[in-house]
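The structure under discussion appears below in the form of structure tokens.
The values are calculated or read from the model by the stated rules, or taken from the named source; none is laboratory data. All figures in this text were calculated on a predicted structure; none of them were measured in a lab. Backbone-built Cβ (ideal geometry, glycine too); neighbour counts: all protein chains shown.
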DNA sequence: ATAATATGTCAGCTTTGTTGACATTCCAAG
DNA sequence: CTTGGAATGTCAACAAAGCTGACATATTAT
């Protein structure tokens, strides 16, 4: 653990450093989304579809409400995306067994194929970045990102993460 | 420097870890923009205005073309944002001295005040995250982000960064 | 003179978010 | 067994912020 107290060098907390961090986030997020975006624009889908597919893939059988909460959008906005994905046969929406009001979402084979395609593209960049930066940098990267999340989002993040601890 | 070769433990490069990194970026970016977004939605501005204001503040006198290249949008899109900022007296656009085709962009006092307000909100979160994670984590965070950028964006990032090295 | 550059602007389109209203289905509490 | 509330779907209208294409203007470079 890094010490956070007294004698520590606090130069990493100057406004200038913080501004650089803000810019790094901005530029990096652009890179982060660039590869899947390129794939998506060749079809009739956008980033919103990618996000839905990603989280359905990560939590098969998740309900619409849960997905809503993860994605942080309105049900109308999500519904529009989900409808096209169901119509196009990428997502299957099954009525809940115990509670029939709920819809449980699954990727079809075609949906899974697209997920893999998008996720591969994104992971290639992540893997290269991770490898170039090294394991310690990656640990730091994740620590800072986790601290940057809203508490609610952090819970979602940790819930999904608890797959391999 | 962290070693990148042979005997190293490569568990940080598993697909599962990479997926977690992808989700961390997604959730963290939401947190990253949340605070300024809350301020912006009380006025007639959005995230696009914030970005313009941020980079004009960082590089006073920058040209429209340079800003275009940093933000990665079309001139029509930027122009819409810039026009409202100039109309509202937050940004000043001065005809270039040596090349009169160029417009150099500056924040007015009012623009600077808004920049500070937005940037303060964003930095509070960054500072807390940085402090909680510690200096080494921050170094790793920035190393990974830098690796994640497109080469072109990395050049912009480094150009701005070279203010305090 | 002519070509290229930097900028601004008009019009129209797309994606993805928002509200508000309303219907349906179903669980659960009284 | 009725009724309230929850989960979902859907319609309409709207806004922010991207995009393309076309065109005008001023200025600089060749």
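Some observations on this one:
- Among the residues of the range A:34-58, those identified as away from chain B (no Cβ under 11 Å) and either within 12 Å of DNA strand D (Cβ to nearest atom) or surrounded by 18 or more Cβ atoms within 10 Å (Cβ to Cβ) (or both) are A:37, A:40, A:41, A:45, A:46, A:48, A:49, A:52, A:53, A:56.
- Hits in the range B:95-114 (condition: more than 10 Å from DNA strand C (Cβ to nearest atom) and either assigned to a strand (DSSP E or B) or farther than 22 Å from residue B:40 by Cα (or both)): B:97, B:98, B:106, B:107
- Of note, residue A:114 satisfies the criterion of being away from DNA strand D (no atom under 16 Å from the Cβ) and either touching a strand residue (DSSP E or B) at 6+ places or on another chain (Cβ under 6 Å) or over 26 Å from residue A:26 (Cα atoms) (or both).
- Considering residues of the range B:82-94 that are more than 9 Å from DNA strand C (Cβ to nearest atom) and part of a helix (DSSP H, G or I) only, the residue surrounded by the fewest Cβ atoms within 10 Å (Cβ to Cβ): B:87
- Some residue of the range B:73-81 being modelled with pLDDT of 95 or more, in a loop (DSSP other than H, G, I, E, B), within 12 Å of DNA strand D (Cβ to nearest atom) and surrounded by 16 or more Cβ atoms within 10 Å (Cβ to Cβ): yes
- Selection from the range A:93-107 of residues that are more than 11 Å from DNA strand D (Cβ to nearest atom) and modelled with pLDDT of 90 or more: A:106, A:107
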